[in-house]
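Visitor: Let me give you the structure first, and then I'll get to my questions.
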Ligand SMILES: [Fe+2]
């Protein structure tokens with residue numbers, strides 16, 4: 001199977017005032033998000049050296065004793081800030097194997113206090129390890145640069161669909177945006193080639209995800225090219241009548257590009273015109289190798305309604321994405337599904353609280 005040609009969009013085109021450049025960038029976005037659910041992005045404004053420094057800092061943190069890292073783990077915040085231990089998160093569609101990784105979550109912008117009061121676990125203050133100033137500064141800088149690139153893409157996406165340019169950026173304003181760093185763990189000689197994956201196949205549940213690119217680290221701790229052809233990020237293309245399962249292709253951005261991929265929220269809003277990208281992160285077939293990676297997750301604001309926008313409300317779309325749901329409620333449900341929030345989070349939703357009568361009867 002030949003490698004499909006995933007389009008590249010130039011953010012300089014989108015930011016220009018030249019209608020023909022904007023039109024060609026929009027056409028690239030339309031094809032990329034409609035067919036593959038992702039696009040390669042050039043002139044994105046994300047400093048690759050800054051990304052490397054974030055990875056170096058997180059590597060230092062991940063080498064600390066577990067007891068130290070546990071102080072930064074916040075299951076009470078559903079791990080939406082601070083350190084996520086290995087074997088915590090699971091992919092919904094892939095049979096429940098926990099991912100082979102440890103992570104960190106941080107919000108690059110301050111939360112709206114009203115939203116924080118309504119959704120305390122989605123909008124909490126950041127948590128930082130003591131004494132790691134560079135980690136905090138570089139990480140925040142990277143998150144903001146990715147977010148800005150994402151906003152430009154969302155404006156381009158609206159243009160590509162014939163919507164008002166601020167349609168998606170307005171929905172995104174005040175979202176529970178988080179930037180994550182991931183450290184994929186080394187496999188032992190007994191574990192390699194046994195089917196263990198670094199990240200099981202899934203679609204992201206947010207609006208748009210920006211991936212600045214990862215790096216492999218060899219068993220001696222040095223950054224190195226990928227150890228074999230089986231490890232890394234693979235994507236599944238949209239199914240067709242001839243090939244309903246789609247095709248798995250390696251994510252291979254051109255030099256200097258970052259990747260942007262569609263999440264479930266943008267698929268819902270567009271009634272499936274844009275498709276959320278199924279992706280998997282496979283582990284190498286050799287022991288001792290690790291991988292550093294990161295992702296910025298842009299979300300619809302927690303009180304926005306997820307349902308196809310009027311333009312996309314065909315009978316099929318209305319049926320496929322019913323019922324409408326608030327982005328915040330949807331996030332809570334999904335965080336339970338993937339193992340980051342406890343099942344009890346659903347019982348504690350204000351409109352459920354089945355224990356109220358119970359408490360009254362027992363008073
Ligand atoms: Fe993902």
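Visitor: Can you work out which of the residues in the stretch 279-289 that are buried (at least 21 other Cβ atoms within 10 Å of the Cβ) and in a loop (DSSP other than H, G, I, E, B) is modelled with the highest pLDDT?
Guide: Applying the filter and picking the extreme gives 289.
Visitor: Kindly establish whether residue 190 is surrounded by fewer than 20 Cβ atoms within 10 Å (Cβ to Cβ) and within 16 Å of the ligand (Cβ to nearest atom). Even if it seems obvious, please write down each step before you answer.
Guide: Numbers: surrounded by fewer than 20 Cβ atoms within 10 Å (Cβ to Cβ): yes; within 16 Å of the ligand (Cβ to nearest atom): no.
No; evaluated as a whole, the condition is false for this residue.
Visitor: Quickly run through the stretch 232-253 and pick out the residues that are touching a strand residue (DSSP E or B) at 6+ places or on another chain (Cβ under 8 Å) and within 17 Å of residue 212 (Cβ to Cβ).
Guide: Hits for the stretch 232-253 are 232, 233, 235, 251, 253.
Visitor: Further, regarding this structure: Mind telling me which of the residues 213, 256, 272 ends up being more than 13 Å from the ligand (Cβ to nearest atom), farther than 22 Å from residue 10 by Cα and part of a loop (DSSP other than H, G, I, E, B)? Talk me through it step by step, then tell me what you get.
Guide: Numbers: 213 fails: farther than 22 Å from residue 10 by Cα; 256 fails: farther than 22 Å from residue 10 by Cα.
None of the others qualify; the one that does is 272.
Visitor: Scan the stretch 184-203 for residues that are over 18 Å from residue 218 (Cα atoms) and either part of a strand (DSSP E or B) or without any contact (Cβ under 8 Å) to a residue 12 or more places away in the chain (or both) and report the count.
Guide: So the answer is 6.
Visitor: Can you tell me which residue among 256, 362, 263, 350 is touching a residue at least 40 places away in the same chain (Cβ under 8 Å) and either out of contact with any strand residue (DSSP E or B) (no Cβ under 8 Å at 6 or more places or on another chain) or closer than 20 Å to residue 215 by Cβ (or both)?
Guide: Just one listed residue meets the conditions, 256.
Visitor: In addition: Has the stretch 290-299 got at least one residue that is surrounded by fewer than 22 Cβ atoms within 10 Å (Cβ to Cβ), part of a loop (DSSP other than H, G, I, E, B) and on the phi < 0 side of the Ramachandran plot?
Guide: no
Visitor: With the condition kept exactly as written, say whether any residue in the stretch 216-232 is within 25 Å of residue 34 (Cα to Cα) and within 16 Å of the ligand (Cβ to nearest atom). So that I can check it myself, show each step before the final result.
Guide: So in the stretch 216-232, the residues within 25 Å of residue 34 (Cα to Cα) come out as 232.
From the residues that got through so far, the ones that are within 16 Å of the ligand (Cβ to nearest atom) too are 232.
Checked against the condition, which is being within 25 Å of residue 34 (Cα to Cα) and within 16 Å of the ligand (Cβ to nearest atom), the stretch 216-232 yields at least one hit.
Visitor: Taking the condition away from the ligand (no atom under 16 Å from the Cβ), under 28 Å from residue 248 (Cα atoms), assigned to a helix (DSSP H, G or I) and without any contact (Cβ under 8 Å) to a residue 24 or more places away in the chain, does residue 149 pass?
Guide: Values: away from the ligand (no atom under 16 Å from the Cβ): yes; under 28 Å from residue 248 (Cα atoms): yes; assigned to a helix (DSSP H, G or I): yes; without any contact (Cβ under 8 Å) to a residue 24 or more places away in the chain: no.
No, not satisfied.
Visitor: A further question follows. Can you name every residue in the stretch 19-35 that is surrounded by 24 or more Cβ atoms within 10 Å (Cβ to Cβ), within 21 Å of the chain's Cα centre (by Cα) and in contact (Cβ under 8 Å) with a residue 40 or more places away in the chain?
Guide: Correct list: 29, 33.
Visitor: Which condition number does residue 230 fail, the rest of (1) over 18 Å from the mean Cα position of the chain (by Cα); (2) surrounded by 19 or more Cβ atoms within 10 Å (Cβ to Cβ) being met?
Guide: Failing condition for residue 230: (2).
Visitor: For residue 181, are the conditions met, namely being more than 13 Å from the ligand (Cβ to nearest atom), in a strand (DSSP E or B) and modelled with pLDDT of 95 or more?
Guide: In short, yes.
Visitor: Please specify each residue of the stretch 216-227 satisfying the condition of being surrounded by 14 or more Cβ atoms within 10 Å (Cβ to Cβ) and outside any strand (DSSP E or B).
Guide: Residues of the stretch 216-227 that are surrounded by 14 or more Cβ atoms within 10 Å (Cβ to Cβ), as a first pass: 216-218, 226-227.
If the condition is that a residue be surrounded by 14 or more Cβ atoms within 10 Å (Cβ to Cβ) and outside any strand (DSSP E or B), then 218, 226, 227 are the ones that fit.
The values are calculated or read from the model by the stated rules, or taken from the named source; none is laboratory data. Keep in mind that what you see is a predicted model, and the values were worked out from it rather than measured. Virtual Cβ from ideal backbone geometry, glycine too; neighbours counted across all protein chains shown.
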